[in-house]
Structures are given as C-alpha cells and as structure tokens.
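The values are calculated or read from the model by the stated rules, or taken from the named source; none is laboratory data. This is a predicted model, so every value here is computed, not measured. Using ideal geometry, Cβ is built from the backbone for each residue, glycine included, and neighbour counts are taken over all protein chains shown.
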C-alpha cells in the first residue's frame, strides 16, 4: 500500500538532477540567492497575515538559525532574507576567497565530500541546524525538501532585483507558486 504523500520511488521520475553550474566554484567570493523549501511545502514556519510573515515557534527557530550563519561561517555576510510559511529566501555573501591559505579545500563538490565554506555546505549546515533544533524542542522531523534552489548573483542590478523580490515575498504570498493554495500537491 502506498501513501499519496510518499509515493513509491521510481528512478525515472525521482532522479536527482544537479542544479549547480558545472565547473563553478561555489566557495568563491560572491553573492548567492537561495530558496529552501519545506517538505511537501507544508506551512511549518507560520503564516502570512496583513501582508507580513508571522512566524510560529518553528519559524522563529528557522529565523534564529539563519541569522547565526555568520557565527559558524565568519567569512559570510547575510543580505536580505525572509522566512515564509513553507520556504526561506535569502542572500548569502561569501566575502573571503581564502585561495591563499594552506587550509583551502578542493572546491569541486562531490557526493558525500563536502567542501568547507562552500555554498552547499553553508545551506546544508543551516538546514541541519533548523532540523536539529526543531527536533530537540518539538520532537518533529521531516522539515526540508531535498536540495534547494540557488542563483549566482552576477551584478548590482541582479542583487537589487533579488533583494526586492525577497522583501516583497510576503506581500505577494497570495500569488506565490509555493503557496499550497495555488499549487496543491497531488
């Protein structure tokens, strides 16, 4: 018997295609826009009321963990971000290239071989911290979808566009593709 929310694995449908730009060094200096979505787009982090995100206990944990990213990665600055009911949008800025140090790890991310200080490692650490804290405080699991969306920010105009999008996200929640009312799962 299969559960509609957990369909049987089919490698033709459920293969994982990398969203990474081939050959790009995701530990290099730069600004990155990321979107991280909850498992099955469940609204775990709160709701949108009066065109603003209102965070519940899970959402507050997601917010605290996001703001603490630079505590764990001192070469990272955070740009605009928003915790929405079922996803997080944010800008992560890697400021220290670290190419001249002897501690520089290889930059080609491979399965089960994380690159220290790379964007995938930063996002993985964030997701793990949120999951761990929610699990510890609320005995809950299944917080995140696998993977995440990322975009390399190319210039100031691109940065401004992404910042504007993030800041407007709660206002546009009623039209958002990630809003379960607009795009229900089968």
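How many of the residues making up region 23-64 are in a strand (DSSP E or B) and either surrounded by 14 or more Cβ atoms within 10 Å (Cβ to Cβ) or under 15 Å from the mean Cα position of the chain (by Cα) (or both)?
First, pick out the residues of region 23-64 that are in a strand (DSSP E or B): 30-38, 46-49, 52-55.
Filter again for either surrounded by 14 or more Cβ atoms within 10 Å (Cβ to Cβ) or under 15 Å from the mean Cα position of the chain (by Cα) (or both), leaving 30-38, 46-48, 53, 55.
Going through region 23-64 one residue at a time, the tally reaches 14.
Scanning region 94-145 for residues that are at pLDDT below 75 and in a strand (DSSP E or B) gives 110, 113. Scanning region 139-150 for residues that are out of contact with any helix residue (DSSP H, G or I) (no Cβ under 7 Å at 6 or more places or on another chain) and surrounded by 11 or more Cβ atoms within 10 Å (Cβ to Cβ) turns up 147, 149. Checking each residue in region 65-84 for being assigned to a loop (DSSP other than H, G, I, E, B) and out of contact with any helix residue (DSSP H, G or I) (no Cβ under 8 Å at 6 or more places or on another chain) picks out 74, 75. Within region 155-176, not a single residue is in contact with a helix residue (DSSP H, G or I) (Cβ under 6 Å, 6 or more places away or on another chain), within 16 Å of residue 35 (Cβ to Cβ) and touching a residue at least 40 places away in the same chain (Cβ under 8 Å).
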